[in-house]
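The block underneath contains the structure these notes are about, expressed in structure tokens.
The values are calculated or read from the model by the stated rules, or taken from the named source; none is laboratory data. Every value quoted in this text rests on a predicted model; they were computed, and no experiment measured them. Neighbour counts are summed over all protein chains in view; Cβ atoms, including those assigned to glycine, are modelled from backbone coordinates with ideal geometry. For accessibility, only protein heavy atoms count, side chains too; no ligands or nucleic acids. Shrake-Rupley method; radii C 1.70, N 1.55, O 1.52, S 1.80 Å.
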Amino acid sequence: MKKVILTLTTILCLSAIVRADEGMWIPALLQRNEAEMQAMGMKITADDIYSINHSSMKDAVVLFGGGCTGEIVSEQGLLLTNHHCGFDWIQKHSTVEHDYLTDGFWAMTMEEELSCPGLTAVMLKNMVDVTEKILFNITDETTDEERARLVKENINKLVTAEQDRSEYMVSVESFYQGNQYFLMYNEVFDDVRMVGAPPSNIGKFGGDTDNWVWPRHTGDFSIFRIYKDNKPYKPDYHFTISLKGVEKGDFTFVFGYPARTNEYLPSVAVNQEANVVYPVVVDLRTQILDIYNKYQEKDAKVRIQYASKHAGLGNGWKKWMGVIEGIRNFKGIEKKQAFEESFYEWCQKERRRMIYSRVLREFDAVYAEYEKYRMATTYLTEAGLSIELIDFASNFTKLADMTKDTPQEEIDELINNLRQATAVFFKDYYQPIDEEVAVTMLTAYRAAQPEDFRPEILNEIDKNFKGNVKSYVDYLFGKSILTSEEKVVAMLDNFKPSKAKKLAKDPAVVAFNSMMDFYIEKVLPKSKEYNNRINNMRRVYMEGQMKMIPEVYPERNLYPDANFTLRVTYGKVGGFKPKDAVTYRHFTTLDGIMQKENPDIYDYVVTDRLRELYEAKEFGRYADKDGSMHVAFIAGNHTTGGNSGSPILNAEGKLLGLNFDRTWEGTMSDLVYDPSICKNISVDIRYVLFLIDKYAGCTRLIDEMTIDE
Ligand code: ARG
Ligand code: GLU
């Protein structure tokens, strides 16, 4: 017996050593990964990373602003995150006189640190497996509806009871598609102040052009500080910073808040994402971005007006192109299909596994039926509502519904909000772009969606405009008052309920309502139904996979999809081969910034100060031992959106840099992971410190950090 166990452990260990990189691990269960992490080079313990009995690294990692990660690097609550995570706050504090986006911001004293009302940092205090408490009254006979009701009820009961007892924010999170539940205790900090940010041509260097791309040279960091009771927060733990840099093959881990992944989907779903939905979204966005580009190149004002819109559309657009290619080149669908075959085989071995094979077979039919609704939603959001005028009109539907019985305060409040929305809208609105987008998008929308299953307004183009989209768009923009700030303001100034009817007839309001009516009546109910069904099926399929994988693929460690909870992921530093004949080195340097420099292209402007420091080689102790200034590096950590700003740590748990992106070739890692191509991109902490110290001269921040030379 002993011998058998021994061999089994040896096999498990061996396979564990071979397997690497993939996985986003629950910190409370990290003991299970410890051996593998140490075999890969880690010199600390799982307990050093996550413990509820003593201070550990988890006490220095926060969910920043609800969508990114930040890490504490001093005894006084100093917090690092990405520039693109702090971007909104840098922008909010910017004025014409103090343009912190362009020039950067450095609080030279604590008094100068700027408060950011609404910004939070959330820290995990404890997490407890409560699966049994949530699922105790659920049996094999429980129907899906009943199950949903019971789970909700059990969660509410538990959260209410715990919340009474706890000083922290309590919630229950679902893992493995509703097969496991954790009770989470979080401390919420709501006084987070802005401390520093480099100018955008450092913090966003390369802009959208370089976004998702390696080699990368973005100094993507910004600095904040957590305050508690109006004093700098004293954390239980803060990260020590390593100035030693990285070598190829070094062990690293990333500790942060990944948002969403879908690693356990059936092949039919991956196929729908990668080969049906994404190609449409990419195609529509390509057309819109082409129009943006054309006008942005012509006019500096338009460039600024559409910069953020461009970045928003462009980020997903580029990522999904990478997903489509990655799934194809790395045979994501075929790999899933092969897995499904063996899953099916495994199901055949026992009668009670039939429930899993049945679900697996049903996926094909359900996804096929769902596709129609999925595409209707996609066209609505990506084509219909990308027409800014129509999207803007959504703000006015409520006003158009007002009657003489509506209380005056309600109208006043609404009008007040609309005034603000109007100012915000017109500040960044350029009508020629929108008109061209409208013609292009409505044409695509009409071509793709059948007459009997699309918003009525699209059919009216046939009835009233002889099918000529351009004529309709001319009418829409010509007749709507919502294209003119002056007219909108005048309308708001003089609004009376008796005028609501007229507003309701505004062509932009009509267009928006037509799209929404169609969506709410014909798409949403069915979409919800399919989504519920699919979620239930995915839960059952996940349960099957959780039983099958350890038996059939013991080398494959199971981990739950990302769900915005704290995770640890680990992998080694190293470059990769993105395509035939091309090899990427694992790091970039300041030399690359100088090579990319182009004063005429916004994304590649280099400030004089940075050039001077470069030419004088004034890198101080932040230079690599090769003498150069390292800027960014890649490693095999399994990350996703939300991991932005996450600390990337070395074998001793010391801070090496900040995660901020993935390489474009490997973005399919949200659906299918391939270690040969899926790499995370981090900014080197030495570049960050060099900028704070030598570039900005904000040495007081360096002084409060703990630095390991
Ligand atoms: N690709 C990164 C992420 O998904 C960075 C996005 C912000 N940067 C940009 N150039 N748009 O969040
Ligand atoms: N930039 C992403 C973020 O904001 C991280 C990149 C990724 O998706 O891995 O979280």
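Against the definition (modelled with pLDDT under 95 and open to solvent by 20 Å² or more (accessible area, probe 1.4 Å)), how does Tyr519 come out, yes or no? Walk me through it before giving the result.
Working: modelled with pLDDT under 95: no; open to solvent by 20 Å² or more (accessible area, probe 1.4 Å): yes.
Criteria not met by Tyr519.
When Ala490 is tested against (1) modelled with pLDDT of 95 or more; (2) open to solvent by 50 Å² or more (accessible area, probe 1.4 Å), only condition (2) is not met.
A quick yes/no check of all residues on (1) open to solvent by less than 60 Å² (accessible area, probe 1.4 Å); (2) in a helix (DSSP H, G or I):
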{"site": "Thr95", "(1), (2)": "no, no"}
{"site": "Arg147", "(1), (2)": "yes, yes"}
{"site": "Asn154", "(1), (2)": "yes, yes"}
{"site": "Glu167", "(1), (2)": "no, no"}
{"site": "Ser171", "(1), (2)": "yes, no"}
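Just one of the listed residues (Gly641, Gly657) is within 10 Å of ligand 2 (Cβ to nearest atom) and either part of a strand (DSSP E or B) or closer than 24 Å to Leu79 by Cβ (or both), namely Gly641.
When Ala46 is evaluated against the numbered criteria (1) open to solvent by less than 30 Å² (accessible area, probe 1.4 Å); (2) among the small types (Gly, Ala, Ser); (3) within 24 Å of Tyr570 (Cα to Cα); (4) under 20 Å from the mean Cα position of the chain (by Cα), which criterion, by number, is the only one it fails? It fails just one condition, (4).
Could you tell me whether any residue of the range 451-469 is part of a helix (DSSP H, G or I), within 22 Å of Tyr295 (Cβ to Cβ) and open to solvent by less than 50 Å² (accessible area, probe 1.4 Å)? I'd like the intermediate steps shown before the answer.
Here is the first cut: in the range 451-469, the residues part of a helix (DSSP H, G or I) are 451-453, 456-465, 469.
Still in the running and within 22 Å of Tyr295 (Cβ to Cβ): 469.
Imposing the further condition that a residue be open to solvent by less than 50 Å² (accessible area, probe 1.4 Å) reduces the set to 469.
There is at least one residue in the range 451-469 that is part of a helix (DSSP H, G or I), within 22 Å of Tyr295 (Cβ to Cβ) and open to solvent by less than 50 Å² (accessible area, probe 1.4 Å).
Candidates are the residues of the range 56-80 that are in a loop (DSSP other than H, G, I, E, B) and within 17 Å of Leu649 (Cα to Cα); the one that is farthest from ligand 2 (Cβ to nearest atom) is Ser56.
Here is a yes/no grid of residues against (1) more than 16 Å from ligand 1 (Cβ to nearest atom); (2) open to solvent by less than 10 Å² (accessible area, probe 1.4 Å); (3) closer than 21 Å to Thr240 by Cβ:
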residue	(1), (2), (3)
Tyr622	yes, yes, yes
Lys625	yes, no, yes
Asn637	no, yes, yes
Gly657	no, yes, yes
Met668	no, yes, no
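If only residues of the range 582-606 that are touching a helix residue (DSSP H, G or I) at 6+ places or on another chain (Cβ under 9 Å) and assigned to a loop (DSSP other than H, G, I, E, B) are counted, the one that is least open to solvent (accessible area, probe 1.4 Å) is Val606.
Name every residue in the range 310-335 that is more than 11 Å from ligand 1 (Cβ to nearest atom) and either within 23 Å of Glu388 (Cα to Cα) or in contact with a Pro (Cβ under 8 Å, 6 or more places away or on another chain) (or both), in order of residue number. Within the range 310-335, Trp320, Ile324 qualify. Taking (1) part of a helix (DSSP H, G or I); (2) open to solvent by 20 Å² or more (accessible area, probe 1.4 Å) in turn, Glu652 satisfies each apart from (1).
Of all residues in the range 401-411, those satisfying the criterion of being in a helix (DSSP H, G or I) and surrounded by 11 or more Cβ atoms within 10 Å (Cβ to Cβ) are Glu410, Ile411. Which pairs have Cβ atoms under 9 Å, sit 6 or more apart or on different chains, and link a residue in the range 318-336 that is at pLDDT 95 or above to one that is within 16 Å of ligand 2 (Cβ to nearest atom) and open to solvent by 50 Å² or more (accessible area, probe 1.4 Å)? Close Cβ pairs satisfying both conditions: Lys318/Trp664; Lys319/Trp664; Met321/Trp664; Gly322/Trp664; Glu325/Trp664; Gly326/Trp664. Can you name the residue in the range 307-322 that is within 14 Å of Val280 (Cβ to Cβ) and within 12 Å of ligand 2 (Cβ to nearest atom) and is also least open to solvent (accessible area, probe 1.4 Å) among such residues? Taking the candidates together, the pick is Gly316.
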